[in-house]
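Have a look at the structure below before the remarks.
The values are calculated or read from the model by the stated rules, or taken from the named source; none is laboratory data. Computed from a prediction, not measured in an experiment: that's the story for all the values here. Neighbour counts run over all protein chains shown; Cβ positions are idealised from the backbone, glycine included.
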Amino acid sequence: MKTPKEIIHTLLVQAFEFKNREENQTWRPENMNIKIMPTDRRFGDYSASFLKGIAHGTETEEEIFRGFIEDGWNKMDSDEKKYVEPLSAESFKSGFINFRMSDRFYEDAFKESDTWSKGNEGAGKTVILDYFQLNIAKEPHVGHLRSAVIGDALKRVLLARGYRTIADTHVGDWGTQFGILLYAYKKAIAGKSKKIDEIKDNPFVALQELYVLANEEEDVHEKGKAEFAKLEQGDSENRAIWEWMVDISMKKLGDNAARLDLLPFEEHRGESVYESAMPPIVEEALRTGIAKKTDDGAVVVDLSEEGLDEAVLVKSDGATTYLLRDLATIKYRVSAYHFWKNLYVVDNRQSHHFRQVFRVAELLGFEGVGASEHIEFGFMKLPEGAMSTRKGTVVLLEAVLDEAERRARAVIQEKNPGLHNKEAVARSVGLGAIKFFDLSHNRKSDIVFRFEDALSFEGRTGPYIQYTHARLKSILRKSTDEILDHFSVHAALDTKERELLLHSVQLAEVLQRVIEGWFPHLLADYLFELAQAANEFYHSHPILTEKDTEKRTTLLMIVRVVAKTLATGLDLLGIEAPDEM
RNA sequence: GCCCCUGUAGCUUAAUGGAUAAAGUACUGGUCUUCGAAACCAGCCAUGGGGGUUCGAUUCCCUCCAGGGGCACCA
């Protein structure tokens, strides 16, 4: 089923063409920037303002509008006219043509109860999504949440619209930072300050401790670089330690992804897998003169004239950089997937890095560079400032999830102690609160993480939407009426009812907008507003006690459609919608 | 110094170049013998300053101010 916007657009173009034919005019609809928008409900459902400002000669805008509707739209023959009607000529004076969707439209749109969010504009297009990138030997903290939930929500929305998606964690398992960790680990073992078993019992805490300790040494950077260079050259001791660290880290990543209920990743290609792909890129860059070798042996691309400074591909000690690994990654992805888009869901502190990567890739003539994009987001900070591993001011992701569940459990105990599957619901609601909190913010702004905001269950929150859904499901459960699968309108609709149907049907349009700008918060916003409208609706409309059978049937159908929309929308954000809570 | 992002109600946020800028929270009142009060209703409060483009600017451009981030042979 087409969206209202698509239907109105088609009809407008047809009306233009009809009027052109009838009156030998030469207006060209494709040049008129036809823009159709949902509008304030006092005007109608949708408005179009594309004719604004075209008054010329003796005709006023109002006359042109009137002529367009009366001589074009009204006289032409089109099957889709049954779905939408232009509203009274009053609106022409204000410069808009307003439209209202018909009951027939809703009946056809909701005919198949779960397909109206689905689309196929993504058919044949592959999108690579790079998110939830963790670093080796570090536990995920709340800062990692944003990348995970934004990436996961985008993946879900893309799938709903027919795209093929490849999710990759692109694990940070290579680089100097890792060398520092190796240095710290080996020093502790050699100096007997820690035993191997002691480290292995609680590896993340122990490694963190050693890492912080090592960073107090002045020349730790040099030592780390040396250890990393050894690793890169295949030193067997370093290799073995590295493999162990990668192993426990991947397991930790899997645990966290499972707890966050993320869709499965197609790939976990760590940066280390690009080892052999890097030398040819360096050779090519040097051969073509794009990169230069400095006196001390480093390989750099000078982008300073473009305000992007120097991009280092190889360091003077021969070790590769993150930037070079990202170049190799793009190359791999192009050849493996011929992607339509290659998206990096990474915080905005790395925008300079990605600008360098994309620019160098462009200079090297890589394919698919224009389709690579940094989906940047503001980073999460605590009320007292940025989180820092070194300062120990880090809130671990698992701790937040635990706390969320604990709070949800307490609320259930207070409000619905008889609930049968309390644990599962506490998990859904706690996770729903956190995810929604994150996803409801425009990804570009920074987020201040406060437990009382992030784990709130009241107002503009995930649990509010889940609660609304549960209430609607509860009404459906209690109804003794038989509700037909086929959505149909049996009784005249009032304003509130119409508004709910319109709101529900707009899910598809919202998903398209989410993809246009890579903005999942638009979906979060949309769901909250729909839940709000649904709450007002069932508070003001007695449904089960409605005497008129036809009316009651219609109300129940609306309830079912809205409940389904809420559940579908939440699912696309990666949030569960329990039937009871 | 150069580059990027962000400035909207006390606080946290929304708004696709469109009509009277939308919510939540906080605060003040009201609604549970009526489909579940994690709810609903009412009240209160806002586009950082100045220019420009446009029929129309929170949105685009310029400038100033404020905040954050980056400008590592870290990732």
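Could you list, in sequence order, the residues of the stretch A:547-581 that are in a loop (DSSP other than H, G, I, E, B) and under 18 Å from the mean Cα position of the chain (by Cα)?
Residues of the stretch A:547-581 that are in a loop (DSSP other than H, G, I, E, B), as a first pass: A:547-548, A:573-581.
Residues satisfying the conditions are A:Leu573, A:Gly574, A:Ile575, A:Glu576.
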The stretch A:164-201, residues that are surrounded by fewer than 18 Cβ atoms within 10 Å (Cβ to Cβ), at pLDDT 90 or above and not in a helix (DSSP H, G or I): A:Arg164
A:Ile483 more than 9 Å from RNA strand B (Cβ to nearest atom), under 27 Å from A:Tyr526 (Cβ atoms) and either surrounded by fewer than 21 Cβ atoms within 10 Å (Cβ to Cβ) or small (Gly, Ala, Ser) (or both): yes
Within the stretch A:328-443, which helices (runs of 4 or more DSSP H) (wholly inside it) include 1 or more residues that are in contact with a Pro (Cβ under 6 Å, 6 or more places away or on another chain), closer than 30 Å to A:Tyr211 by Cβ and more than 9 Å from RNA strand B (Cβ to nearest atom)? A:397-415
Would you say A:Leu544 is crowded, with 20+ Cβ neighbours inside 10 Å and either under 32 Å from the mean Cα position of the chain (by Cα) or within 13 Å of RNA strand B (Cβ to nearest atom) (or both)? no
Looking for something without any contact (Cβ under 8 Å) to a residue 40 or more places away in the chain and either in a loop (DSSP other than H, G, I, E, B) or β-branched (Val, Ile, Thr) (or both) - is there at least one such residue anywhere in the stretch A:126-145? no
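From A:Arg498, A:Arg471, A:Arg460, which residue is under 21 Å from A:Lys415 (Cα atoms), in a helix (DSSP H, G or I) and of a type in the set (Lys, Arg)?
So the residue among A:Arg498, A:Arg471, A:Arg460 that is under 21 Å from A:Lys415 (Cα atoms), in a helix (DSSP H, G or I) and of a type in the set (Lys, Arg) is A:Arg471.
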